[in-house]
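The values are calculated or read from the model by the stated rules, or taken from the named source; none is laboratory data. From a predicted model like this one, the values you see are computed outputs, not experimental measurements. Counting neighbours? That spans all protein chains shown, and the Cβs are built from the backbone with ideal geometry, glycine included.
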Amino acid sequence: MSSLTATTSPATTPPTPAEAAAALDAHVREMVAWHFSPETGCPYWLERAAELPFDPREIDTFADLLQFPHFDDEVLRKEDPARFIPKAFSGRPYNVFETGGTTGMPKQRIGWDDFRTDYTEFSEHYGPDFFPQGANWLMVGPTGPRRLRLAIEHLANLRGGACYFIDLDPRWVKRLIGMGEMRMAKLYQEHVIDQAATIIRHRDIGCLFTTPKLLESLAERMSLADAGIRGVFAGGTTMTPQYVRFIEEEVLEGKINFAPTYGNTLMGLAISRRRGPGEYSLTYHAPQPRAVLRIVDPEATTELVPYGEYGRVELTTLTKEFFMPRFLERDEAIRREPCDEFPWDGVGDVRPFQSGSKTVIEGVY
Amino acid sequence: MSMQIPILRLGREYESYDRVELDLGGGRGLVTHTANPGLIRRDLLRIGEARAALDAIPAETLAAYCEKAAELFMEAELPVGDGRQSPREYVESLSALTRLPYSLVRMNMTKIHAAMSQVRTVIGGLTRGMPLEIFDRGLTELGDLAVNYFPTTDSLGVSLPSNAPAVNSLWIPAPVMKVPVLLKPGREDPFTPLRIVQAMIAAGFPREAFGFYPTTHEGGDTLLTTCGRGIAFGSDATVKKYSVFPSISVHGTGRSKILIGEDLIDRWEEFLPVLVESVSANGGRSCINTSAILVPRHRDAIADALAAELAKIEPRARDDEQALLCGFANAALAEGIDGRIGSLLKEAGAEDFTARHREGPRRVEAFDQVYLQPTLVACSDPDHPLANTEFMFPYASIVELPQAAMLGKIGQTLVVSAITEDPDFIADLLLSPDIERLNLGPYPTNRVQWEQPHEGNLFEFLYHRRAIQGDVAGV
């Protein structure tokens, strides 16, 4: 079964774009009230509110959030994560998550249940056959202090399986590449793949989460279809249409379901919309209203670029656990129109911001 | 309508969705299809089939195919993606992309033709005269001695430059030696390696023996590090980058030189044509062009005379048969080189002698492109930063140095032409570890003798000798 024909869970009748926008505005009001109320908000935002030239509690629509300046992610390095604990969650144990390949002081985000919400929604989006119910999972990729590690295990458990893990430390990979240690980076990747291949050969694994490059390497060792893999969930790097085609046709041999995603610790997980036969361009949709992705003009970031054009990716996260308005990602993408599955804008063919004009280390993982 | 150049995946054409568009001028475009790195690795999983296809054909036959391919390369209309390309179209298209004048493209064609048509001589030079059966049986006899060689790899990956089509001659013996080749063309020269491959296929080589992968830098790294053996061309940075991979041979900066001995220096005027050709042949773009001249006396007189000759080489249109200078496809590169030379000339001890003779500045715009005019810099110190460097145009330094000090100062040098008859100096030159190729006598550094390996020995790179004893007569 290929991902092109795989069925996804029948959703309830989807809202129209106008209904989705109205729901987003209502959600914005609820989240702003939560984060900027002394009874429920966190110290960081309550203090920031006093410095803003407007009263955040008067925000009424998503468009009003444009009054916020872009969120500076350096805050997530400098501030004690405890300053982001909403008062309403005070006393509840929390997780500290760190972003992927950062070197130096990492960016940290705390969380409670958001990852479960995101990955439950992801699981519900796909039918019982796409990632077979009851199958065990193997995650090959960055574990450690990352949200993804708990999220994938939650996903596996939710679908009735257990999850095995092979860790890859992206910070070490980035450092090796920065030092010009290509050979060592290659050896490290082989070390990771050796471990993953061993698990697949000796345990009953039906589903994989990994990065596309590790997926390629794994499939060079064995036929993943013959090894019993039925569904692959991947994300983490640029996937051009050619790359998606290559993964589906050759790496997965046209026999394994493929769910490419775009996401990070700050957003959660954007699912890729269903594609037709021969269509390899990916369009991701944010888990709205919990997160919103906009494709903005890099020179005038309050403005959206027209549909079909590249612009910079701007992320706004709006959950009770985390509020982050207008963070400019280090990515650019094509602004795509809403669709039946997701009645809000999508982001297409994501790639590193200005990747045509400078060298970017995307990592070998 | 743009010409399409798809990927050749061990003989099978593949159209990628990742593409690069290039301008061939005159409203014509070229689209090269880009291979993602994983695609190259997956093809290497099938490399056994490519090797088997070559193994099925006697090496004598492969050599004959190569000789036939030489003629096809020069004369035939050959497939290029969805169309065909005549030799004339090849010359014009390659010139449009690389800015090499037609005359230099044709000269490069001649060199490639020679490498193909004389492939037996080339391989004989590499194997020191072993019969081609060594590639069929792994075994041959040299005198009474049984000799056994085995391949160290089942593939050769080559990352090619855009600026010197003739360097393709380096990999040409590999398929005759039964080693499949996977090629990454330079961005601006997809035509030359593809034309050679298509000529070889048309002559009888199995298609699956060839991979042709226009790709990214990452794809180039993948090709070189995943093939059992790799050859790359580039700067000192490229050499450093791949130095940790013993399976990769990097052809770096040449820093080729002419050394004139004490015994012949007073006859320097006789050798002036050799100096001019060594600096300026092939637009000064090759690693075998002279980039430094060491003389024991008469530095300024030689510099002045040589500069006067070099200054006569002026920009001409690409289709002018007299054209010797290449334009720059990347004008910013020319600007960078010109700026660097200009800034280093401000350091004491260097004078641009060509500035006395040429019209206008070094960097000029003419015939719709940017040129750097020939430059000869006289340096008072061999350690001056302009004294032992090279640039991608006719550039050389000239330094006065006692003969006895020369070999201590040359550093790693691809080609030395030593103009001397002094037996002691020649003995020292023959034992110098810094010289890759040594021309004894007044020969240009760009002189190629096919039975002598150019840089490294491809046979020794691809094959390893094994000690063999016992009853091998019946094998």
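Descriptive notes on the structure:
- Scan of the stretch B:242-262 for residues that are more than 13 Å from chain A (Cβ to nearest Cβ), small (Gly, Ala, Ser) and farther than 17 Å from B:Glu436 by Cβ, ordered by number: B:Gly261
- With respect to (1) modelled with pLDDT of 95 or more; (2) hydroxyl-bearing (Ser, Thr, Tyr); (3) buried (at least 23 other Cβ atoms within 10 Å of the Cβ), the lone exception for B:Thr98 is condition (1).
- Residues of the stretch B:174-181 include none that is away from every other protein chain (no Cβ under 14 Å), under 29 Å from B:Gly124 (Cβ atoms) and modelled with pLDDT under 95.
- Members of the stretch A:301-338 that are assigned to a strand (DSSP E or B), among the hydroxyl-bearing types (Ser, Thr, Tyr) and either without any contact (Cβ under 8 Å) to a residue 60 or more places away in the chain or more than 26 Å from A:Ala49 (Cα to Cα) (or both): A:Tyr310, A:Thr317
- A:Gly160 surrounded by fewer than 16 Cβ atoms within 10 Å (Cβ to Cβ) and away from chain B (no Cβ under 14 Å): yes
- Selection from the stretch B:383-404 of residues that are under 18 Å from B:Gly349 (Cα atoms), not in a loop (DSSP other than H, G, I, E, B) and either not assigned by TED's automatic domain parsing to the domain that holds B:Ala329 or not small (Gly, Ala, Ser) (or both): B:Tyr395, B:Ile398, B:Val399, B:Glu400
- Options A:Pro81, A:Pro86: the member that is under 18 Å from A:Leu318 (Cα atoms), out of contact with any helix residue (DSSP H, G or I) (no Cβ under 8 Å at 6 or more places or on another chain) and surrounded by 15 or more Cβ atoms within 10 Å (Cβ to Cβ): A:Pro81
- Identity of the residue in the stretch B:202-223, within 14 Å of chain A (Cβ to nearest Cβ) and in a helix (DSSP H, G or I), that ends up nearest to B:Asn36 (Cα to Cα): B:Gly219
- Hits in the stretch B:11-47 - residues which are within 18 Å of A:Ala219 (Cα to Cα) and more than 12 Å from chain A (Cβ to nearest Cβ): B:Ile47
- Count - residues of the stretch B:344-360 that are modelled with pLDDT of 95 or more and within 30 Å of B:Leu24 (Cβ to Cβ): 0
- The set of residues in the stretch A:226-258 that are part of a loop (DSSP other than H, G, I, E, B), within 13 Å of chain B (Cβ to nearest Cβ) and within 25 Å of the chain's Cα centre (by Cα) comprises A:Thr237, A:Thr238, A:Met239, A:Thr240, A:Leu252.
- Members of the stretch A:254-279 that are under 19 Å from B:Ser16 (Cβ atoms) and either surrounded by fewer than 20 Cβ atoms within 10 Å (Cβ to Cβ) or in contact with a Cys (Cβ under 8 Å, 6 or more places away or on another chain) (or both): A:Gly254, A:Arg275, A:Pro277, A:Gly278, A:Glu279
- Unique residue being touching an Asp or Glu at 6+ places or on another chain (Cβ under 6 Å) and touching a residue at least 12 places away in the same chain (Cβ under 8 Å) when the list is B:Ile419, B:Ile410, B:Ile398: B:Ile410
- Criterion applied to A:Gly180, A:Gly144, A:Gly134 was being surrounded by fewer than 20 Cβ atoms within 10 Å (Cβ to Cβ), on the phi > 0 side of the Ramachandran plot and within 14 Å of chain B (Cβ to nearest Cβ), and the one residue passing it is A:Gly180.
- If the condition is being within 13 Å of another protein chain (Cβ to nearest Cβ) and over 24 Å from B:Arg437 (Cα atoms), then the stretch B:224-240 contributes B:Leu224, B:Thr225, B:Thr226.
- Whether a residue is without any contact (Cβ under 8 Å) to a residue 24 or more places away in the chain and either polar (S, T, N, Q) or under 13 Å from A:Met324 (Cα atoms) (or both) was assessed, and A:Arg48 passes this test.
- A:Tyr307 vs. criteria within 14 Å of chain B (Cβ to nearest Cβ) and either under 17 Å from the mean Cα position of the chain (by Cα) or at pLDDT 95 or above (or both): no
- Within the stretch B:33-59, the set of residues being farther than 30 Å from B:Glu133 by Cβ and either assigned to a helix (DSSP H, G or I) or among the β-branched types (Val, Ile, Thr) (or both) comprises B:Thr34, B:Pro37, B:Gly38, B:Leu39, B:Ile40, B:Arg41, B:Arg42.
- Search result, residues across the stretch A:187-225 that are without any contact (Cβ under 8 Å) to a residue 60 or more places away in the chain, within 14 Å of chain B (Cβ to nearest Cβ) and not in a helix (DSSP H, G or I): A:Met222, A:Ser223, A:Leu224
- Among the residues of the stretch B:240-253, those identified as over 18 Å from B:Trp171 (Cβ atoms) and buried (at least 18 other Cβ atoms within 10 Å of the Cβ) are B:Lys241, B:Thr253.
- In the stretch B:323-343 there is no residue matching the filter, namely being hydroxyl-bearing (Ser, Thr, Tyr) and either buried (at least 16 other Cβ atoms within 10 Å of the Cβ) or at pLDDT below 95 (or both).
- Of all residues in the stretch B:119-173, those satisfying the criterion of being in a helix (DSSP H, G or I) and farther than 23 Å from B:Ala281 by Cβ are B:Val119, B:Arg120, B:Ile123, B:Gly124, B:Leu126, B:Thr127, B:Ile134, B:Phe135, B:Asp136, B:Arg137, B:Pro173.
Condition check ((1) surrounded by fewer than 19 Cβ atoms within 10 Å (Cβ to Cβ); (2) touching a residue at least 60 places away in the same chain (Cβ under 8 Å); (3) not assigned by TED's automatic domain parsing to the domain that holds B:Ile260) across all residues:
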position	(1), (2), (3)
B:Val370	no, no, no
B:Ala378	no, yes, no
B:Asp381	yes, no, no
B:Met406	no, yes, no
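- Put simply, of B:Val448, B:Val415 the only residue that is surrounded by fewer than 18 Cβ atoms within 10 Å (Cβ to Cβ) and outside the structural domain of B:Arg120 (by TED's automatic domain parsing) is B:Val448.
- Selection over the stretch B:263-320 of residues that are modelled with pLDDT under 95 and either in a helix (DSSP H, G or I) or farther than 24 Å from B:Lys111 by Cβ (or both) gives a count of 5.
- Options A:Phe68, A:Phe62; residue that is within 17 Å of A:Leu315 (Cβ to Cβ) and touching a Lys or Arg at 6+ places or on another chain (Cβ under 6 Å): A:Phe68
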